[in-house]
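Written out below as structure tokens is the structure these notes cover.
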Amino acid sequence: MFISKFGSIPEFYVRAPGRVNLIGEHIDYCGYAVLPMAVEQDILIAVEPVKSQTLHLTNTNPKYLDFSTSVNDIHIDKTNPQWHNYFLCGLKGIQEHFNLKNPTGMNCLLDGIIPPSSGLSSSSALVCCAGLVTLRANKLSLSKVELAEICTKSERYIGTEGGGMDQSISFLGEEGKAKLIEFNPLRATDVQLPSETSFVIANSCVEMNKAATSHFNTRVMECRLAAKFLAKYKGLEWNKALCLEEVQVTLGLSLEEMLLLVEEVFHSEPYSPEEVCSYLEISLEKLKTTILCKNTQDVLVFKLYQRAKHVFSEAARVLQFQKICEEAPANAIQLLGDLMNQSHRSCRSLYECSCPELDRLVDVCRQFGAQGSRLTGAGWGGCAVSLVPTDKLPDLLANVQEAYYQSNKGTLAVEKRCLFATKPGGGALVFLEAQTM
């Protein structure tokens, strides 16, 4: 297809995987460690550097239209997050990091088997793939950690105020291993999962593009406000507080003590913008222009108690999950499953990032043998991940297929690769051998 489109052959190929987050939802942008694994599903780009300083993008899926632009004139439309804008994020991140004055043009053909808007981080995989493509085409080099940090920042060009989990695991993933990803500084620790278990990905078939709505950024802002409330209550420089983890570290408290502090500081009723301003002693104008991001400036309620409670409890669950994997007690699968179930309840009730279809899918997976099941990714749709004893895997796949994916959803399941077992895959890489595209 590359030859028929561009009349030439690719010089190299880049792949970047999606990911599934086993536990630690919506806490990376709060500064807390998460525990994802790269999946085998990936984005693959065939690349030919050209001298014209023009970028040509085409996709094997005709649903995604061709796109061309000058590499010296990158414009990313936050109001319309189409597929090519994610490529432009990775491209722009590398250009700005190296201050490239005459970046090379490229012909690129993209293929991907990560279901879009499913919570498996197809968008971040594309950003990471584009960053690595740009790096290689311009004959530059960076470490995987540096690439992850650049792509984390550059994805924000599309308008989402995310953390760094998706980009970090896309670069740092290793076959057969999950990773504890910690931030500031970015580092990854191997986590050996129980050998007698499988992880099943089930797509609710409800699509959610986090860049296309304010749901995701509203949660980020609620956590930012919660950090400022806690800092002000404790006499810290609240105006400098951006995330909950840095407030905890400054106070020198444990996660359990932070949960007690949440009960002390916040009321459970939602806060209005006026009440936020009153507590922080700032004007509404200052709240909107110096704290809130653009697409959250008209939000009318902020649930600070619920969001902070989720973050601190979820951060504790991540550490408990890692400890169980390290110690490998006889009932490890049950304990890990319990943590995943607790995580989903917190995401559903405190963080309110689930949806009826996801809740039903999680229940169906548990009913047919999953030890633990929870939403993964931003939520409001997308996928659930389930911890399944290997001996129960065939029956679970057959029963979930029948119970959840039926009638019109059955067709969707085939089209979107909705139900499959996966294992930890490797991270992003460049290779020269031709692939089938």
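Summary of values
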item	result
Long-range neighbours under 7 Å by Cβ, at least six apart or interchain, first residue in a strand (DSSP E or B) within segment 382-395, second of a type in the set (Lys, Arg)	Ala384/Arg374; Val385/Arg374
Which listed residue is buried (at least 21 other Cβ atoms within 10 Å of the Cβ), on the phi > 0 side of the Ramachandran plot and touching a strand residue (DSSP E or B) at 6+ places or on another chain (Cβ under 9 Å), from Gly119, Gly112, Gly159, Gly164	Gly119
Residues of segment 145-161 that turn out to be more than 24 Å from Leu55 (Cβ to Cβ) and in contact (Cβ under 8 Å) with a residue 60 or more places away in the chain, as a count	1
Filtered residue count, segment 349-369, keeping only those that are touching a Leu at 6+ places or on another chain (Cβ under 8 Å) and open to solvent by 10 Å² or more (accessible area, probe 1.4 Å)	3
Residue ranges of strands (runs of 3 or more DSSP E) in segment 17-83 with at least 2 members of a type in the set (D, E, K, R)	35-50
Flag for Ser354 being modelled with pLDDT of 95 or more and either within 24 Å of Gln192 (Cβ to Cβ) or of a type in the set (A, V, I, L, M, F, W, C) (or both)	no
Options Tyr32, Tyr64: the member that is under 14 Å from Asp166 (Cα atoms), touching a residue at least 12 places away in the same chain (Cβ under 8 Å) and open to solvent by 10 Å² or more (accessible area, probe 1.4 Å)	Tyr32
Filter result for Gly377 (modelled with pLDDT under 95, of a type in the set (Gly, Ala, Ser) and farther than 19 Å from Met208 by Cα)	no
Only one of Met208, Met221 that is under 26 Å from Thr79 (Cα atoms), out of contact with any helix residue (DSSP H, G or I) (no Cβ under 7 Å at 6 or more places or on another chain) and open to solvent by less than 50 Å² (accessible area, probe 1.4 Å)	Met208
Subset of segment 1-13 (residues that are assigned to a strand (DSSP E or B) and either open to solvent by 30 Å² or more (accessible area, probe 1.4 Å) or closer than 18 Å to Glu174 by Cβ (or both))	none
Per-region count, segment 66-86, residues hydrophobic (A, V, I, L, M, F, W, C) and touching a Ser or Thr at 6+ places or on another chain (Cβ under 9 Å)	3
Lone unmet requirement of (1) within 21 Å of the chain's Cα centre (by Cα); (2) over 26 Å from Leu358 (Cβ atoms) for Gly159	(2)
Count - residues of segment 269-286 that are among the hydrophobic types (A, V, I, L, M, F, W, C) and open to solvent by 40 Å² or more (accessible area, probe 1.4 Å)	1
Those residues of segment 183-192 which are crowded, with 18+ Cβ neighbours inside 10 Å and out of contact with any helix residue (DSSP H, G or I) (no Cβ under 6 Å at 6 or more places or on another chain), in sequence order	Phe183
Selection count, segment 292-320, where residues are in a loop (DSSP other than H, G, I, E, B) and open to solvent by less than 70 Å² (accessible area, probe 1.4 Å)	5
Test: residue in segment 116-124 that is under 17 Å from the mean Cα position of the chain (by Cα), over 22 Å from Met1 (Cα atoms) and of a type in the set (A, V, I, L, M)	yes
Condition broken by Thr289, with the remaining ones in (1) β-branched (Val, Ile, Thr); (2) more than 26 Å from Gly379 (Cα to Cα); (3) open to solvent by less than 70 Å² (accessible area, probe 1.4 Å) satisfied	(3)
Failed item in (1) of a type in the set (Gly, Ala, Ser); (2) within 30 Å of Leu242 (Cβ to Cβ); (3) open to solvent by 10 Å² or more (accessible area, probe 1.4 Å), with Gly90 passing the rest	(3)
Matching entry among Gly410, Gly369 (being of a type in the set (Gly, Ala, Ser) and either part of a loop (DSSP other than H, G, I, E, B) or at pLDDT 90 or above (or both))	Gly369
Leu375 buried (at least 21 other Cβ atoms within 10 Å of the Cβ) and not in a helix (DSSP H, G or I)	yes
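The values are calculated or read from the model by the stated rules, or taken from the named source; none is laboratory data. Quick caveat, the model's predicted, so the values are computed rather than measured. Backbone-built Cβ (ideal geometry, glycine too); neighbour counts: all protein chains shown. Keep in mind that these areas ignore ligands, DNA and RNA; they rest on the heavy atoms of the full protein, side chains included. Shrake-Rupley method; radii C 1.70, N 1.55, O 1.52, S 1.80 Å.
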